[in-house]
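The values are calculated or read from the model by the stated rules, or taken from the named source; none is laboratory data. Given the structure is predicted, the values throughout are model-derived calculations rather than measurements. Don't worry about glycine lacking a Cβ; one is built from the backbone with ideal geometry, like all the others, and counts go over all protein chains shown. The area values use the complete protein model at the heavy-atom level, side chains included, leaving out ligands, DNA and RNA. Shrake-Rupley method; radii C 1.70, N 1.55, O 1.52, S 1.80 Å.
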Amino acid sequence: MRPVAKGDLAGGLLSVAFGSAVLVHVRTFPQLPGGQPGPALFPGIIGALMIVFGLVLSVRSFGPGKNAAAEPSVPATDPAPAATAGDGGEDTDQAAAPKARTNRAGLVNAAAIVGAVIAYILVADVIGFVPTMVVLLGLLMWRLGTRPLTAIGAAVITTAFITVVFRLVLLVPLPQGPLGI
Amino acid sequence: MLNDLGQALTMLADTTLIIAVLGSAIYGLFIGAIPGLSATLATALLVPITFFLPPLPAIASIVTMSAMAIFAGDVPSALVRMPGTPASAAYTEDAYRLTHSGKGGLVLGVGLVGSAIGGIAGALVLMAAARLLAEVALLFTSFEYFWVAVLGLTASVVISRGSQVKGSIALLIGLFLSTIGLDITLGYARFTFGSTVLLQGISFIPAMVGLFGLSEVLRNVTDPRASASSARIDPYGMFAETRKTLRRYWRRVVSGNVIGSAIGILPGAGGDIAAWVSYAATKNTSKDAHKFGKGEGHIEPVVSAGSSNNSALASAYVPTLVLGIPGDTITAILIGVLFVKGVQPGPELFEQQPSLLYAVYMVFILANLLLLPLGYLAIRGSGMLLRVPRNVLMPIILAFCIVGAFAINNGTFQIVVMLALGILGYALDRGGFPLAPVVLGIVLGPIVEQNFMQSVIKTNWDLTQFFTRPISATLMVLTMLVLAYPFLQHGLRRLLRHGTR
């Protein structure tokens, strides 16, 4: 029997693993005087539930099985079965298929974004906010497909804008490098 | 009361507030109109700036921004079939088809006026309900707060669309994150692994910026959606058509507002859910249901769902202001801001600072009135808005994420938190897990735990009080009803379908 949704299986197993780790770890937490659960109670429940739901998800990932319409997941007959909740607040899951797209260029882009943040964390305090931002923004824009001149221009304007708003108006101490910017 | 009203008006006549409102209005229209950038993202990015404003302008910016963004989401959904915000997703198909048969002006006109009406209606509900709830809330003890928080958690998972299992796991992740730090009972450091920075828990605002900001950027660069479009809306004759349509379907306007306000008040459920429920309700009770979402589309669900999401936005402030329990993800973020500013939501707010509340109500009305002229301009300029190049926009948003996370505490650690939550948010979304329950878990987790612990310690583990206190019992029944909602939905739908055959 092969899993229909491998991603779900992975997610479910991760949830089980994490929940188990939490359960094991909270046994080291102290109890309230009188032997009643204290700090361990809430995380313990969370861990246990993660195991339960992780198992459900893992089992479900093997396909619908006998009762295809069993789960009354809201609203089952509406268009695009998106996975959202809350307010006008976060992204609709644009159907199951596009999720599976592992576009190589896209992943490189994502890595670039993450790399840029890490680079900022490491470098900004050393050489200052302005140079770091201009370089990172320019490189990112260029990587994403902007023409080099436009990238530099936009990077400079954005950095200038942020510097004015945050450093001058809001008085946030953005890191200053050896040049004082 | 007149004295407070007068004071509220003076508070509104402040330059900072006016600039903040106008700025956030434009900002909201901009972000709302771009597919893939949600109103929660807009809030998360705006928060680091509102952090530096006094409480009223801060709230006013968020209120204005969200009202604009929720309307602006209709524009790309009509033009390119991509909702600008999830709140417009329910009626995107109809809006798009209508636009393509030449009725774009009508669609957006209805969206605009419907949104404004929805927002004002929601604000009126907010004023009335908040007052009522505040009276009741004075009787609330830790038992009642526990149940309201649980209600919020339940609603965010059950009423959300898609897999409840994944929603629950997302919620549990949020709840877990909220346990990091010193615990309420013994002050024991949980899950900090020796780090002193984590003692106070995950910094909320950087976490939000990461979860909704950075993850959105990551999503956009890995799965780019087409933004260039040559479609244009011809607004000529728009308002006359709009008036006729709204008059014809006035019952839908009313039902949309009722549903929107009801769902908005429910903690954890917000605008996009309200729109979906409204859409479904309209479809189940309309003679023209077969025309919805097909062929040329139909304006009826646009009318009802379009006003629903705006009224839900306003009524979400009822539990937020009265109980400190967020009505949706935007107010969840807002609560974080309010706490930092020392504005303690709760019934005392109604006693101690009534003028602040009146000012907030007025901002709501003002923002929705402002929506009319500004929204109209946005419709005229919609072609331009959709052509903003992603490859320039995404790094700019990233820059704001980094600076925003840093600005809260001037700490590099906050940027790390932002990065971690951003990657988490991206991974969750990729796997089809909803993000809103994560936020609600983070915000409501401490409320659930603290109130539970206080209750049991107070009464020496007498658990019966959770069920025997009258208000607690009522809230518990409400929670059960929400849990039963999917099953009820099935039954209701079958009933209504048989009725209209």
Quotient of C-alpha Rg and 2.2 N^0.38 Å, computed over segment A:97-169
1.28
Solvent-accessible surface ranking, highest first, for B:Ile447, A:Ile127 at 1.4 angstrom:
A:Ile127, B:Ile447
Compute log10 of I(q)/I(0) for segment B:101-162 with the Debye formula, placing one identical point scatterer on every Cα and leaving out solvent, at q = 0.13, 0.15, 0.20, 0.24 Å⁻¹, to two decimals.
-0.65, -0.76, -0.93, -0.98
How high is the relative contact order of chain B? Use alpha-carbon pairs under 8 Å, at least six apart in sequence, and give a whole percent.
28
Can you list residues from other chains, or at least 5 along the same chain, whose modelled amide H is less than 5 Å from the amide H of B:Leu182?
B:Arg190, B:Gly201
Volume per residue, Å³, of the convex hull around the alpha-carbon atoms of chain B?
145
Longest principal axis of chain B (C-alpha) makes with the long axis of helix B:142-158 (C-alpha) an angle, in degrees to the nearest 10, of 40
So, counting K/R as plus one and D/E as minus one, what does the shell of residues with Cβ under 13 Å around B:Arg131 add up to?
-3
Relative to the longest principal axis of chain B, what angle (0 to 90°, nearest 10) does the C-alpha long axis of helix B:55-72 take?
40
Straight-line reach from B:Lys103: which lysines have a Cα under 29 Å away, not including same-chain ones fewer than 8 places off?
B:Lys244, B:Lys283, B:Lys287, B:Lys291, B:Lys294
Restricting to lysines and to Cα separations under 19 Å from A:Lys6, and discarding same-chain partners fewer than 8 apart, the set is A:Lys99, B:Lys166
Go through segment B:387-397 residue by residue and turn each phi into a ³J(HN,Hα) via Karplus (6.51, -1.76, 1.60, θ = phi - 60°); whole Hz please, and just put x for glycine and proline.
9, 5, x, 5, 5, 8, 5, 4, x, 5, 4
Karplus 3J(HN,Hα) series, Hz, for segment B:413-418 with 6.51 cos²θ - 1.76 cosθ + 1.60 (x for Gly, Pro):
4, 4, 5, 4, 4, 4
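Can you give the convex hull volume of the alpha carbon atoms of segment B:60-177 per residue, in Å³?
Values: hull volume 17.0 nm³, N = 118.
It is 144 Å³ per residue.
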Rounded to the nearest 10 Å², what accessible area does B:Leu377 show when all protein chains are kept and the probe is 1.4 Å?
110
Report the one residue of B:Ala87, B:Ala128, B:Ser142 whose Cα lies farthest in the direction of the positive end of the charge dipole of segment B:60-146 (charges on C-beta: Lys and Arg +1, Asp and Glu -1; origin at the Cα centre).
B:Ala87
Rounded Å value of the spacing that divides the Cα centres of segment A:125-139 and segment B:37-75:
28
Any chance you could give the angle, 0 to 90 degrees and rounded to 10, that helix B:2-12 forms with the longest Cα principal axis of chain B?
70
Cα-Cα pairs of segment B:267-341 separated by more than 20 Å (percent):
42
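With a ≥ b ≥ c the root eigenvalues of the C-alpha gyration tensor of the protein assembly as shown, is it rounded (a/c under 1.5), prolate (a/b larger than b/c) or oblate? Could the numbers behind the result be given before it?
Details: a/c = 1.22, a/b = 1.05, b/c = 1.16.
In terms of gyration-tensor shape, rounded.
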Which log10 I(q)/I(0) values does segment B:337-434 give at q = 0.13 Å⁻¹ under the Debye formula, counting every alpha carbon as one identical point scatterer?
-0.94
Which value in deg cm²/dmol, rounded to the nearest 500, describes the helix-derived mean residue ellipticity at 222 nm for chain B, given -39,500 (n - 2.57) per DSSP H run of n ≥ 4 and division by the residue count?
-23500 deg cm²/dmol
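If you rank B:Asp272, B:Asp223, A:Asp125 by how much accessible surface each has, with a 1.4 Å probe, what is the order from largest down?
Details: B:Asp272 0, B:Asp223 40, A:Asp125 90 Å².
If we order B:Asp272, B:Asp223, A:Asp125 from most to least accessible, we get A:Asp125, B:Asp223, B:Asp272.
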B:Leu198 accessible area, 1.4 Å probe, all protein chains in place, Å² to nearest 10:
30
Sequence order, segment B:112-128: Karplus ³J(HN,Hα) from phi using 6.51 cos²θ - 1.76 cosθ + 1.60, θ = phi - 60°, Hz rounded, Gly and Pro as x, gives 5, 5, x, 5, 4, 4, x, x, 5, 4, x, 5, 5, 4, 3, 4, 5
Given R₀ = 35 Å, what would the calculated FRET efficiency be for A:Val165 paired with B:Arg387, taking r from the Cβ atoms and rounding to 0.05?
0.90
Between segment B:260-337 and segment A:1-30, how far is it from one alpha carbon centroid to the other, in angstrom?
34
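Calculate the tail of P(r) for segment B:400-501: the fraction of all Cα-Cα distances greater than 17 Å, expressed in %. Don't jump to the answer; show the numbers that get you there.
Values: 3868 of 5151 pairs.
The answer is 75 percent, as a whole percent.
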Rounded to the nearest 10 Å², the accessible area of B:Thr412 at probe 1.4 Å
50
Quick one: which residues, 5 or more positions from A:Gly38 or on another chain, have an amide H under 5 Å from its amide H? H modelled 1.01 Å from N in the peptide plane, none for Pro or chain starts.
A:Leu32
State to the nearest 20 debye the size of the charge dipole of segment B:227-378 about its Cα centre, where the only charges are +1 on K and R beta carbons and -1 on D and E beta carbons.
620
Accessible heavy-atom area order of B:Leu463, B:Leu53, highest first, probe of 1.4 Å:
B:Leu463, B:Leu53
What number, in percent, do you get for the relative contact order of segment B:72-201 if the mean sequence gap of Cα pairs under 8 Å and at least 6 apart is divided by its residue count?
11
